[in-house]
Amino acid sequence: MGGFQGGWVFGRALTQTFLSHGHCGPMSRPANKAGGTYLPPHGFKGTEGAMGVNWYEGMMRWAPHVDADGRVYPLTHLHPFRYELTISDQERVEIRVAFAMHCFTRARAESGGPSQLYKDERETRSFCPDRYALSPRLPTIARELATRRCGYAKSENYVTVDVPVAEGKAALYGVFLNVLRVKDSAGPAVLLTIQSAYELVLGRQLPMRGSIRFTRLVELTLQGIKPRPPRN
């Protein structure tokens with residue numbers, strides 16, 4: 001079986017069914033093509049209120065993953081969205097949020113068939129049920145970054161750590177992100193990309209150096225300033 005190639009533009013066919021039902025868990029259907037791919041970053045048209053038109057042009061909208069048994073894992077909860085954030089001097093900034101596929105995939109496994117694979121234009125990885133199970137938390141985490149502790153991570157990224165509790169057990173959920181200034185916006189705007197998110201190993205040192213407030217990070221990004229992590 002080859003990789004699933006059902007990447008229609010946001011809202012068509014199977015993906016629209018998941019959107020209308022607001023479903024984020026695996027669903028069953030007759031098997032078609034297993035695996036996964038992304039929805040092409042073009043052709044997503046429409047008017048989206050006061051903050052601009054077609055703000056999502058070029059942003060990824062992930063197609064559902066289908067495993068070898070025909071179970072469908074919708075990814076509409078990781079489609080782009082935006083919100084407004086008030087920073088210093090009561091300035092309102094548009095936060096555009098996107099999610100990379102590392103939020104629900106892991107490094108390509110040596111074992112397993114094509115049904116485990118998920119790919120975009122740059123790489124092919126293995127779908128990860130564990131990362132997927134935590135991923136519905138990400139939109140809320142993205143909206144609440146102004147109230148969360150953020151720190152510096154590797155590769156000029158930033159990180160915040162969430163503590164989900166399942167079946168009475170706490171875990172550490174590392175959420176890695178970057179922020180870029182949007183230059184073609186009518187008003188102040190940044191692109192917040194959640195680059196990766198996965199459960200951290202308890203007992204190991206957190207992948208975080210120092211701390212920075214998200215509102216301050218947004219302010220500096222709008223000024224074209226890249227904040228530097230602490231030396232130690």
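Just so it is clear, none of the values below were taken in a lab; they were calculated from the coordinates. These numbers were taken from a predicted model, which means no experiment stands behind them. Virtual Cβ from ideal backbone geometry, glycine too; neighbours counted across all protein chains shown.
Taking the criterion of being without any contact (Cβ under 8 Å) to a residue 60 or more places away in the chain, of a type in the set (D, E, K, R) and surrounded by 14 or more Cβ atoms within 10 Å (Cβ to Cβ), the only residue of the stretch 195-215 that qualifies is Arg209. Residue count for the stretch 65-93 satisfying the condition of being closer than 13 Å to Leu192 by Cα and of a type outside the set (A, V, I, L, M): 6. Looking only at residues of the stretch 119-143 that are over 14 Å from Thr160 (Cα atoms) and of a type in the set (A, V, I, L, M), we find that the one that is surrounded by the most Cβ atoms within 10 Å (Cβ to Cβ) is Leu134. Taking each residue of the stretch 153-168 that is under 12 Å from Leu134 (Cβ atoms) and free of Cβ contacts under 8 Å to residues at least 24 places away in the same chain and looking for partners that are assigned to a loop (DSSP other than H, G, I, E, B) and aliphatic (A, V, I, L, M) with beta-carbon atoms closer than 6 Å, six or more apart or interchain, yields nothing.
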